[in-house]
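Working notes, beginning with the structure itself.
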Amino acid sequence: METITKQSPQGCNNICPTPPPLPGPAMNCRRKGSATKGNSCASTATRDLWDNLFDRGYRADVTIRTNDGGIIYAHAGVLGMASPVLRGMLKQAKGVGHKRLISIHGVQYDAVRIFIRFLYSSCYEQEEMKELVLPLLVLSHAFVVPQLKRICEQQLENSLLTLDNVVDVFQLSLLCDAPRLVLLTHRMILRNIKAVSATEGWIAMKRSHPALEKEILESMIYEDQMEKERIRKLNERKIYLQLYEAMEALVHICRDGCRTIGPCDKDLKDDQKPCTYEACKGIELLVRHFAGCKLRVPGGCIHCKRMWQLLELHSRLCADSGSCRVPLCRNFKDKIKKQFKKDEMKWKVLAKKILSTKRIGGEPYFLSSKSISSY
């Protein structure tokens, strides 16, 4: 079998045949200026041939009837290969002679015709899609034509979704198992609830599906609560971040000195670089007030009370109170051992949230967030 004889064309001069050319790049499926999502390796002439086969109904063996009395001629082989639902309908269909009769109810004649044409050539006119996208979405889902269903969903997402039809699209998306479209329409309804609730689609939904209207309104309340919770957490995080920056600035002032304030054993220069700590100026003013205030007791001056709290908070974050230059750091460490368990828990939670907000867990002068739970 492996020997090639001289009579064989392949055996002439022991020359291998020239391989066929590689297939060219896939072409977009277009018809008269229209476009689909998806590609086709078939030539334009081949697609036109399929369109002509449908338009002329040459040797058609299936008759399709619509609600408004329209008749469409098609070919059983094409319909059966394109849709498993139509294949099942054709098996049960009855007809006269060689022609079988099936009916498609619930949508207008034009939508059924565009749908059947798509089964032949996978092409459509953009104007027709713009006008009949909703019935085409229903047909593509009902007859299991996923390519057309994806196109309808993309067309709605990109340009055909409006405030006037968003309620109808939302309901159809639920029925047609289009989760992404459900999410997009639901968000659009919530963002524009005042305008949408005045449309005919909303009024019709309220009359026919009051439970769905109730779910949308409940989801709107839930979204409002979630938004408030999100804002609350952002503000809370901002406070924790400010506290952490205050702790950094306090260590910076007591260890290195800044501007006109610093440790007694350090000379401050007038030409030193600008401070990079945003909270440094506020902490500097607070320290100066604390140093000169005559009511320097926890229950007296409110500024001094804030300073006492910052000093205690620092002691709970400090990794080495023995070498720390911040005043009273060791004193507060000793005080922690005698504190009530309830107060101790509050400080622990605060310290842990501050560290986890900044996500430091490795600064040279602060504990990690995991260490807070252990001391």
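The table below lists the values:
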quantity	calculated
Test result for Ser315, in a helix (DSSP H, G or I) and free of Cβ contacts under 8 Å to residues at least 24 places away in the same chain	yes
All positions within the stretch 318-355 that are within 14 Å of Met247 (Cα to Cα), open to solvent by 80 Å² or more (accessible area, probe 1.4 Å) and assigned to a loop (DSSP other than H, G, I, E, B)	Arg325
Per-region count, the stretch 72-105, residues in a strand (DSSP E or B) and either over 16 Å from Leu53 (Cα atoms) or at pLDDT 95 or above (or both)	9
Residues (part of a helix (DSSP H, G or I) and open to solvent by 50 Å² or more (accessible area, probe 1.4 Å)) located in the stretch 53-71	Asp55, Arg56
Residues located in the stretch 170-194, provided they are open to solvent by 50 Å² or more (accessible area, probe 1.4 Å) and over 22 Å from Leu139 (Cα atoms)	Arg187, Arg191, Asn192, Lys194
Some residue of the stretch 242-265 being at pLDDT 90 or above and of a type in the set (Ser, Thr, Tyr)	no
Residue count for the stretch 241-260, restricted to those that are open to solvent by 30 Å² or more (accessible area, probe 1.4 Å) and in contact (Cβ under 8 Å) with a residue 60 or more places away in the chain	3
Options Arg59, Arg113: the member that is among the basic types (Lys, Arg) and on the phi < 0 side of the Ramachandran plot	Arg113
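The values are calculated or read from the model by the stated rules, or taken from the named source; none is laboratory data. Treat the numbers as computed from the prediction; the structure is a model and nothing was measured. Note that we place each Cβ from the backbone using ideal geometry, even for glycine, and neighbour counts take in every protein chain shown. These accessible areas exclude ligands, DNA and RNA; they are computed on the full protein's heavy atoms, side chains included. Shrake-Rupley method; radii C 1.70, N 1.55, O 1.52, S 1.80 Å.
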